[in-house]
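The values are calculated or read from the model by the stated rules, or taken from the named source; none is laboratory data. Keep in mind it's a predicted model, so treat the numbers as computed, not measured. Because the Cβ atoms are built from the backbone with ideal geometry, glycine has one as well, and the counts that use them run over all protein chains shown. The area values use the complete protein model at the heavy-atom level, side chains included, leaving out ligands, DNA and RNA. Shrake-Rupley method; radii C 1.70, N 1.55, O 1.52, S 1.80 Å.
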Amino acid sequence: MSRPVIPIAASAEAPTRQRRREAPKGRRVDPQARAEVQQLLGPASRARDLLIEHLHRLQDHFGHLSARHLAALAQEMGLAQTEVYEVATFYHHFDIVKEGDTAPPRLTVRVCDGLACEMAGARELLAKLPALLGAEVRVIAAPCIGRCEQAPAVACGQHPIANATTAAVHAAVKAGRTRHEPLGFVDLEAYKADGGYALLKTCIAGEIEVEQVIKALEDSGLRGLGGAGFPAGRKWRIVRNEPAPRLMAVNIDEGEPGTFKDRVYLERDPHRFIEGMLIAAWAVGIQKIYIYLRDEYHGCRAMLEGELAKLRALPPFPGMPEIELRRGAGAYICGEESAMIESIEGKRGMPRLRPPYVAQVGLFGRPTLEHNFETLHWVRDILENGAAWFASQGRHGRKGLRSFSVSGRVKEPGVKLAPAGITIRELIDEFCGGMAEGHVFYGYLPGGASGGILPASLGDIPLDFDTLQPYGCFIGSAAVIVLSDKDRAVDAARNLMRFFHHESCGQCTPCRNGTAKASALIEGEKWDVELLADLSQVMRDASICGLGQAAPNPVDCVIKYFPEELK
């Protein structure tokens, strides 16, 4: 006998199932938390690409990101809670506090443990500061914070402390100096008084043709100064030929250990860069500009916000493209152009597979002109002084000028504007006041953490694009770290590989596992050279982006040029 069919409406389980379907998925949103989020965001747009900006607002206000506020933000922006959570957990500067966990102290002191700072005593600071500052202050090691010439560098909240000592950090905490200090810079009024924006107006008025401008950049030999070295004029021409609307992304993430040139120029003369940026936008036909600034540069961000507001109020020409300033959140990988674009779009900063290239399919799927800060900084000077002026500045057969970020064992570290092709010996002697007292030149990193390590015996190689590759190195963003006889290349390699392991985005296995394995393998005094060589080859061949491809450089250089340290 068959069982009777029970209508769904009469089923005892039907209402329960219906209720389950109607209930929202994920964490229930606390009405008070949503009200707090709404009040904090105010009239700001809830567009998806502003997720990281809104996470910063929550972090700045509450000192951390609670689960209840993340859920409320997700509902407010119409996003899945998983989307918000995965972005928040990707970036180092967001502190997520789960239910039942204790929130971190309101004040965090970040001690840079990058190579230059480690050489200057960062480990001693990390060992002493927790006990000195007490439980009310969180002391953590941080990757390079872009102040290598001030090593050891410490960030007390948003307040940078140069050449830090335990006494200086303690005094800053005690005095409540946790905010960035105003910068002394050439503001809009002073820049205009010195002829600023006159060149831009000449371009807009049609007195200079676009072809003349692009040709001048090509003839000057100006190349991308963020590290890749792609010819600037050619890039403008390529993007200009793509269909409109076109966008522009400016990279001031500057996370490469040893690099700080962009920060130094930005702190002094921001409008020279902005004018170059607007000339590029005019020449290429850019609709909107996004500036991506690393989170560690709090003073620069406050200054730029103020100066951009002035520029919007008194634009140098009608129809000036909209300019948005976007804030990084502590991720070295976002210095890679496609990862930066992902971050601007409010996502995790994971590099894209290419092709298509950013010039074709970049921000929000549009053709995008991507540039490093310093490349645009030179546009005005080149156009005013002529392509031949810039091209004639080189040395040893090279062309142009380079801004070297020099740190380590030299008497006078800092940004050194020098001829492209200068050698490290010439750079130290002519621009850095020689080696620091009591130190003898032993080795150097010509291109930051990923550019490799060379011995003093190879100190006569011209420093420029294409000159270092035969030695297994490259110049990158010209971040030079000088080692002395009191340092060991193996220790430098360990520091750098720990950094790469920490900063790998985790997207691809060769980089994610390779940096972890390489870091573990080189911690011991005796290295398995054969295994490291195999690992290096796999990482170079199979990693998606330059981080994994270049991470083995320090290790390979130690094996090749400093074998005596491995005995």
For a Förster distance of 51 Å, can you work out the FRET efficiency between the beta-carbons of Q537 and K486, rounded to the nearest 0.05?
0.95
T102, T165, T202, reordered so the largest accessible area comes first (probe 1.4 Å)
T102, T165, T202
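Pull out the extension gain between H61 and E525, defined as 0.36 nm times the separation in residues minus the alpha carbon to alpha carbon distance; nm, one decimal.
162.4 nm
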Can you list the lysines whose alpha carbon sits under 22 Å from that of K310, skipping same-chain ones fewer than 8 residues off?
K192, K201, K288
Figure the gain on full extension for R512 and A35 (residue separation times 0.36 nm, minus the Cα-Cα span) and round it to one decimal in nm.
167.8 nm
I'd like the accessible area for E124, computed on protein heavy atoms only with a 1.4 Å probe and all protein chains in place. Round to 10 Å², please.
110 Å²
1/(1 + (r/R0)^6) with r = Cβ-Cβ of D466 and A162, R0 = 22 Å, i.e. FRET efficiency to nearest 0.05, evaluates to 0.05
The long-range amide H neighbours of Y442, using H built 1.01 Å from N in the peptide plane and a cut-off of under 5 Å, are L483, S484, D485
Solvent-accessible area of W389 with every protein chain in place, 1.4 Å probe, in Å² to the nearest 10
80 Å²
Which lysines have a Cα lying under 18 Å from the Cα of K517, excluding residues fewer than 8 positions away in the same chain?
K526
Using modelled backbone amide H atoms (1.01 Å from N, in-plane), which distant-in-sequence or interchain residues come within less than 5 Å of L107's amide H?
R138
Rounded to whole angstrom, the alpha-carbon centroid of the range 53-72 lies from that of the range 436-464 at a distance of 44 Å
I'd like the Karplus ³J(HN,Hα) series for the range 400-412: coefficients 6.51, -1.76, 1.60, θ = phi - 60°, whole numbers in Hz, and an x wherever there's a Gly or Pro.
x, 10, 10, 9, 8, 8, 10, 9, x, 8, 10, 5, 10
For the range 22-129, with only Lys/Arg (+1) and Asp/Glu (-1) charged at the beta-carbon, what is the dipole magnitude about the Cα centre, in debye rounded to 20?
180 debye
Let me check against my output: what whole-number percent is the relative contact order of the chain, with C-alpha pairs under 8 Å and at least 6 apart?
12 percent
In the range 160-216 the accessible area split gives carbon plus sulfur, as whole percent at 1.4 Å, a share of 53 percent
Give me the lysines in straight-line cross-link reach of K261: C-alpha distance below 23 Å, same-chain residues under 8 apart excluded.
K235, K399, K411, K416
Grab the other residues whose beta carbon is less than 10 angstrom from that of K347, score K and R as +1, D and E as -1, and report the net.
-3
May I ask you to rank R123, R246 by accessible area, largest first, using a 1.4 Å probe over the protein chains only?
R123, R246
Can you tell me the relative contact order of the range 224-322? Whole percent, Cα pairs under 8 Å, sequence separation 6 or more.
35 percent
State the percentage of accessible surface on the range 254-403 attributable to carbon and sulfur atoms; use a 1.4 Å probe and exclude ligands, DNA and RNA.
51 percent
Enumerate the residues in the range 378-397 having an amide nitrogen under 19 Å from the point lying 7 Å beyond the Cα of F230 toward its Cβ.
378-379
Can you give me the solvent accessible area of Y191 with a 1.4 Å probe, rounded to the nearest 10 Å²?
10 Å²
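Quick check on the chain: of the DSSP beta bridges with both residues there, what percent are antiparallel, nearest 5%?
If we restrict to bridges inside the chain, about 40 percent are antiparallel.
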Determine the dipole magnitude for the chain: charges of +1 sit on the beta-carbon of Lys and Arg, -1 on that of Asp and Glu, nothing else is charged, the reference point is the Cα centre, and the result goes in debye to the nearest 20.
1740 debye
Calculated from DSSP helices alone, with each H run of at least 4 adding -39500 (n - 2.57) and the total divided by the residues of the chain, [θ]222 nm to the nearest 500 comes to -12500 deg cm²/dmol
